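Student: Pasting in a structure now, in C-alpha cells, and then I'll have a few things to ask.
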Amino acid sequence: MFPVQEELAQYACKVDLRLAELIPDADPETKVISEAMRYAVLGGGKRIRPYLVFAFSRLSSGDPAVALDFGCALETVHSYSLVHDDLPAMDNDVLRRGKPTCHVAYGEANAILAGDGLLTRAFGVLSESGAPAETIRRAVAELSYAAGYAGMVGGQTLDIATEGKPVTRETLTKLQRLKTGALIRCACRLGCISGGVYGGELFDAADVYAEKIGLAFQVIDDILDGTGDPALLGKSVGKDEASGKTTWLSLLGKDGASAFAEELTRAAADAVKPYDGEGRLASLADLLLHRKK
Ligand code: GRG
C-alpha cells in the first residue's frame, strides 16, 4: 500500500510553512485581521485539498512550486468558508480544528473580515504563482466558479434553505456536491491545470475521482457527526441529529452509509486506475474512508 498518511503529513507541513509566508502580518493598525486570518488558516487542517492539487499536478507534470501555491490558494478559500460557516448567523459553532472558532477568538465583525481577507487573498496567490498566464487564467476561473454561487456558496444556500425540512436523497446529493464537492473537484482540476492539462482523459478521470471521494467524504462526515469523538474531531458533534437534519446517517443508517462510502471509494480508485501506478490516489481515497477526524 502507498504510504499516503506519511506523505500527506509531510505535505501538510509544507503547506503550513508556505501559507505562513503568503499571509504575513500586515501593518500594525490592521494587524487584528491578518492575525485572525492566520489563526483561521494555520495549523490544524488536514490539508487534503492541497494534497489533491499536488497529486494531480504530478500526473500532469506540473511545477511543484506552482502546485503548492495553487493548493495554498484553495486552502485559504476552504478556511474562509469554515470561518463564515461557524458564524452565529450560520452554524453558530464555538469549536473548530480543536480551537475556539474565529469569531469566538476575534469577534464577529473581525471574523467576517478575516473570511473576506482569506477569500480575496486566494486570487492574489494564484496570480502571483509564477505559472504561465493561460494557466493562471484557467486556475482563477476554476476557483472562482467552484467557490461561488454555482458551487460552494450555492451549496451553502441550499443547506440554509432546506434547514429543518426533510430532504430527498437527490437534493442531499446535489447540496453536498456543491457545498463540499465543488472545492474537492476544484483541487483535482487545479492539479491538472498546474501542468497545462485543461481537458481530456486525465481531466475527466480527475472529475470522476473528485465526485466519488467528495460524496464519500461527506457521507463519512455525517457518520462522524453522529458517532465520532469530539475530542478527536476538534469540533462539536451530534448537531445534525439534534436539529433533525437529513443526513446519510438518517437516510441509510450507519451500516448502509458505511457501505455507500465504501462503494464510492472503490469507484474513485477505479476511475483513476490507468494513471495511479503508485496507488497514491487509491490509498488517499481509502485513508479518507477510514478517517476518524
Ligand atoms: C460559508 C460560503 C460558506 C460555505 C460553507 C465548507 C462549508 C461551506 C461548510 C463546512 C461545514 C461542514 C462541516 C461541511 C462538511 C465537510 C467539510 C467541508 C468539512 C471540513 O473539511 P475538512 O475535514 O476540514 O477537510 P480541515 O479542518 O481538515 O481542513
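Student: Across region 86-131, what is the total count of residues that are touching a helix residue (DSSP H, G or I) at 6+ places or on another chain (Cβ under 7 Å), modelled with pLDDT of 95 or more, of a type in the set (D, E, K, R) and within 12 Å of the ligand (Cβ to nearest atom)?
Tutor: So the answer is 1.
Student: Pick from region 131-145 the residues that are of a type in the set (Gly, Ala, Ser) and surrounded by fewer than 16 Cβ atoms within 10 Å (Cβ to Cβ): which of them is farthest from residue 119 (Cα to Cα)?
Tutor: Initially, region 131-145 is screened for residues of a type in the set (Gly, Ala, Ser), giving 131, 133, 139, 141, 144.
Among the residues that remain, those that are also surrounded by fewer than 16 Cβ atoms within 10 Å (Cβ to Cβ) are: 133, 141.
Details: 133: 21, 141: 14 Å.
Checked region 131-145; the qualifying residue farthest from residue 119 (Cα to Cα) is 133.
Student: Shifting gears a bit: Quick check: is even one residue across region 58-66 touching a residue at least 60 places away in the same chain (Cβ under 8 Å), more than 16 Å from the ligand (Cβ to nearest atom), of a type in the set (Val, Ile, Thr) and farther than 23 Å from residue 30 by Cα?
Tutor: Yes; the residues of region 58-66 include at least one that is touching a residue at least 60 places away in the same chain (Cβ under 8 Å), more than 16 Å from the ligand (Cβ to nearest atom), of a type in the set (Val, Ile, Thr) and farther than 23 Å from residue 30 by Cα.
Student: Could you list all residues from region 17-57 that are touching a residue at least 60 places away in the same chain (Cβ under 8 Å), more than 15 Å from the chain's Cα centre (by Cα) and assigned to a loop (DSSP other than H, G, I, E, B)?
Tutor: Result: 23, single match.
Student: Separate question: Cβ-Cβ under 8 Å, sequence separation 6+ or interchain: first residue in region 145-171 and within 20 Å of residue 87 (Cα to Cα) and among the acidic types (Asp, Glu), partner within 14 Å of the ligand (Cβ to nearest atom) and at pLDDT 95 or above. Which pairs?
Tutor: Note: pairs meeting the criteria are 159/175; 159/179.
Student: Would you confirm, using the coordinates I've provided, whether residue 83 is of a type in the set (A, V, I, L, M), farther than 29 Å from residue 252 by Cβ, within 16 Å of the ligand (Cβ to nearest atom) and part of a helix (DSSP H, G or I)?
Tutor: The answer is yes for residue 83.
Student: Identify the residue in region 192-217 that is in contact with a Lys or Arg (Cβ under 8 Å, 6 or more places away or on another chain) and not aliphatic (A, V, I, L, M) and, among all such residues, is farthest from the ligand (Cβ to nearest atom).
Tutor: Here is the first cut: in region 192-217, the residues in contact with a Lys or Arg (Cβ under 8 Å, 6 or more places away or on another chain) are 193, 198, 203, 206-207, 210-211, 214-215.
In the following step, the residues that additionally are not aliphatic (A, V, I, L, M) were identified as 198, 203, 207, 211, 214.
Numbers: 198: 26, 203: 23, 207: 19, 211: 15, 214: 9 Å.
It comes out as 198.
Student: Continuing with the same structure: Do the conditions hold for residue 53, that is, is it of a type in the set (Val, Ile, Thr) and over 18 Å from residue 206 (Cβ atoms)?
Tutor: no
Student: Still on this model: Can you tell me which of 232, 224 is within 16 Å of residue 290 (Cα to Cα), loosely packed, with under 14 Cβ neighbours inside 10 Å and touching a residue at least 60 places away in the same chain (Cβ under 8 Å)?
Tutor: Going through 232, 224 in turn, just one is within 16 Å of residue 290 (Cα to Cα), loosely packed, with under 14 Cβ neighbours inside 10 Å and touching a residue at least 60 places away in the same chain (Cβ under 8 Å): 232.
Student: Another question, if that's okay. Pick from region 226-244 the residues that are touching a Gly at 6+ places or on another chain (Cβ under 7 Å) and not small (Gly, Ala, Ser): which of them is farthest from the ligand (Cβ to nearest atom)?
Tutor: That would be 241.
The values are calculated or read from the model by the stated rules, or taken from the named source; none is laboratory data. All values reported here derive from a predicted model rather than from experimental measurement. Virtual Cβ from ideal backbone geometry, glycine too; neighbours counted across all protein chains shown.
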